[in-house]
1. When the residues of region 178-208 are filtered to those that are away from the ligand (no atom under 16 Å from the Cβ) and surrounded by 12 or more Cβ atoms within 10 Å (Cβ to Cβ), which remaining residue is nearest to residue 146 (Cα to Cα)?
2. Report the residue count in region 1-54 for those that are over 19 Å from residue 114 (Cα atoms), in contact (Cβ under 8 Å) with a residue 60 or more places away in the chain and acidic (Asp, Glu).
3. Name the single residue that is farthest from the ligand (Cβ to nearest atom) among those in region 93-105 being under 15 Å from the mean Cα position of the chain (by Cα) and hydrophobic (A, V, I, L, M, F, W, C).
4. Can you list the helices (runs of 4 or more DSSP H) lying wholly within region 1-87 that have 2 or more residues being more than 18 Å from the chain's Cα centre (by Cα) and of a type in the set (S, T, N, Q)?
5. Within region 70-85, is there a residue that is within 12 Å of the ligand (Cβ to nearest atom), of a type in the set (Lys, Arg) and surrounded by fewer than 22 Cβ atoms within 10 Å (Cβ to Cβ)?
6. Return the residues of region 106-142 that are part of a strand (DSSP E or B) and either within 14 Å of the ligand (Cβ to nearest atom) or at pLDDT below 95 (or both); say none if nothing qualifies.
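The values are calculated or read from the model by the stated rules, or taken from the named source; none is laboratory data. Worth saying up front: this structure is predicted, and the values here are computed from it rather than measured. Here the Cβ positions follow ideal geometry from the backbone for every residue, glycine too, while neighbour counts run over all protein chains shown.
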Amino acid sequence: MGQKGKLQKFAEVTAFENCYEYAKELKGKWSSDVFKNNNPITVELACGKGEYTVGLATRFANRNFIGIDVKGNRIWQGAKYALENNLTNVAFHRLMIGNIEEYFAKDEIDEFWITFPDPQHAKERKRLTNPMFLNHYRKISKAGTTMNLKCDSTRFYTYTKEIIASQNLEILQDSDDIYAWDDIPEHLANIQTFYEKMWLKEGKKIKFLRYVL
Ligand SMILES: C[S@@+](CC[C@H](N)C(=O)[O-])C[C@H]1O[C@@H](n2cnc3c(N)ncnc32)[C@H](O)[C@@H]1O
């Protein structure tokens, strides 16, 4: 997809009824005003094209899903799929994750997913599982909220485990090679993102961590 396609997608996504941009007015109102039910809300952080947002929404109809990314042209793909398939439990929100508590209220979120984040080897402050980001997520989530991390980078996985240990957080699931895991959950095996497919082609092992925030 060339530059024109990117710009077209960027323009189109602002008109999609399931997409929101920097929507501070919805803080605390996602259940009542967007989903119009009280089902638990899962947020996919840095969702890119939103494969997990729509893939989980298809499998778990009694939950709501919000994909967040700063790049509107990437969100376009998941948002369009959700519209075409009448997935009413899906929304996308374009924003910078570092300010996330400006857009969601305390206790509003029940679960987080992060899939194949930029590993940010040189800049710890930008890593989406660093202590500063975890504190942002805690400000908008319920007690016991879980974080699901699926990634390719051994360094990012190891870094995240160090943070988990230093904060004494409970690990619920941990695999350094999910496709060698006998009881791999169906949604971990069968939803693959754009970046996952790319890394699999290069022979990388895919890691997974599920832990309590
Ligand atoms: C490597 S891509 C992964 C996308 C997708 N999860 C996948 O697996 O294909 C990382 C994504 O994170 C987004 N991103 C990185 N930092 C962000 C931030 N602080 N706020 C919002 N989006 C961010 C980028 O725009 C990009 O789409």
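1. 185
2. Adding up the residues that qualify gives 3.
3. 104
4. In region 1-87, the matching helices (runs of 4 or more DSSP H) lie at 3-13.
5. Yes.
6. 112, 113, 114, 115
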